[in-house]
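Here the structure is laid out as C-alpha cells; the discussion comes afterwards.
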Amino acid sequence: SGAKERILDAAVSLFNGKGYAGTSVREIAKKADLNIALISYYFKGKKGLLEHLMSTFFEEYNEKLEQAYQFTDTRSARECMHMAIVQLLTYQQDNHQLARFVHRETTLDTMLVREIMTIYLRKEKFCWNKLIEKGVEKGEFKRQATDFTIMQLKGMIIMPFMNPQYLQEIFQLSPSDAHFNKRYAAYLTNWVDQHICHPSKEISEKGTPLYRFTAVP
C-alpha cells in the first residue's frame with residue numbers, strides 16, 4: 001500500500017542518517033506523516049521493519065545473481081559473470097540508500113545480522129561458487145582460491161555503496177551519477193578478464209568487455 005511504502009522510505013532515510021539505534025518509531029511515523037500505530041500494524045515495530053528491509057534487499061540482490069547464473073547453459077560463464085556484476089551494481093544504484101544502510105548494518109555483530117548472514121550471505125556465496133565452478137568446468141576460468149575470489153568480487157561490488165566518499169576521491173565516480181554503472185562496471189569486468197579468465201585472443205584484441213551493460217532480456 002501507499003502507507004507501507006511511505007514508512008519504508010522514511011525508515012531508510014532516517015536509518016541512513018541517524019543509524020538504526022538512533023532512530024525512534026515516532027520519528028519514522030512523523031517523517032512518513034502517518035499514525036505511529038501503522039508501523040506496528042505493518043511491521044510489528046522497529047525490529048520488524050529492519051528485518052523487512054534487510055530481507056527484501058538480500059532476496060532481490062541474490063535473485064539478480066541467480067538470474068545471471070541461469071544463463072550459463074546458453075552463454076559463456078565470462079559473459080554471465082559480467083552480467084551478474086552489472087545487474088548487482090544496477091540494483092544497488094536503484095536502491096542506493098537502502099544498499100548503504102544494509103551493508104553498513106551487516107558489519108554489526110547482532111543476532112539479527114547473524115541470522116541474515118546465515119540465510120542470505122551463504123546463499124550468495126553458493127551462487128558465486130556455482131558460477132565460478134561452471135567457468136572452470138568450461139575451461140574459461142583459471143583454477144583459483146575460490147573463497148578469496150568471491151571476497152574480492154563482493155568487496156568491489158558493494159564498496160561504492162558502503163563508502164561512496166572513497167570512490168569519489170579515488171575514481172571521481174559517484175554511485176548517484178547517471179554513467180556510474182557503465183564506467184565502474186568496466187573496471188570490474190576488465191578485472192574479471194585479467195584475473196579470473198584464461199587469456200584469450202578475443203579479449204586481448206578487443207581490450208573491452210564483451211558484455212555491453214544492458215539488462216537481461
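What follows is calculated from the coordinates using simple rules that are stated; it is not laboratory data. If you're wondering where the values come from, they're calculated on a predicted model, not measured in any experiment. Here Cβ is always computed from backbone atoms with ideal geometry, including for glycine, and neighbour counts include all displayed protein chains.
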Just to check your reading of the model, which residue among GLU133, GLU115 is free of Cβ contacts under 8 Å to residues at least 60 places away in the same chain, in a helix (DSSP H, G or I) and within 23 Å of TYR187 (Cα to Cα)?
GLU133
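Residues checked against (1) under 19 Å from ARG100 (Cα atoms); (2) in contact with a helix residue (DSSP H, G or I) (Cβ under 6 Å, 6 or more places away or on another chain); (3) touching a residue at least 12 places away in the same chain (Cβ under 8 Å):
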site: GLY2; (1), (2), (3): no, no, no
site: LYS18; (1), (2), (3): yes, no, no
site: THR23; (1), (2), (3): yes, yes, yes
site: ALA32; (1), (2), (3): no, yes, yes
site: LEU49; (1), (2), (3): yes, yes, yes
site: MET54; (1), (2), (3): yes, yes, yes
site: PHE57; (1), (2), (3): yes, yes, yes
site: LYS64; (1), (2), (3): yes, yes, yes
site: PHE71; (1), (2), (3): no, yes, yes
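Report, by residue number, each residue of segment 176-196 that is among the hydroxyl-bearing types (Ser, Thr, Tyr), in a helix (DSSP H, G or I) and touching a residue at least 60 places away in the same chain (Cβ under 8 Å).
So the first thing to find is which residues in segment 176-196 are among the hydroxyl-bearing types (Ser, Thr, Tyr), and the list is 176, 184, 187, 189.
Now restrict to residues that are in a helix (DSSP H, G or I): 184, 187, 189.
Listed by number, the residues that qualify are TYR184, THR189.
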I'm checking my understanding of the structure. Among residues of segment 136-170 that are among the polar types (S, T, N, Q) and part of a helix (DSSP H, G or I), which one is nearest to the chain's Cα centre (by Cα)?
GLN152
Test LEU173 against the stated conditions and say whether it is in a loop (DSSP other than H, G, I, E, B) and farther than 30 Å from ALA21 by Cα.
yes
Scope segment 18-60; condition in a helix (DSSP H, G or I), among the aliphatic types (A, V, I, L, M) and either touching a His at 6+ places or on another chain (Cβ under 9 Å) or over 16 Å from ARG6 (Cα atoms) (or both); matching residues:
MET54
Which residue pairs have Cβ atoms under 7 Å apart, sit 6 or more places apart or on different chains, and have a first residue in segment 74-100 that is among the acidic types (Asp, Glu) and a second that is surrounded by fewer than 24 Cβ atoms within 10 Å (Cβ to Cβ)?
GLU79/LEU210; GLU79/TYR211
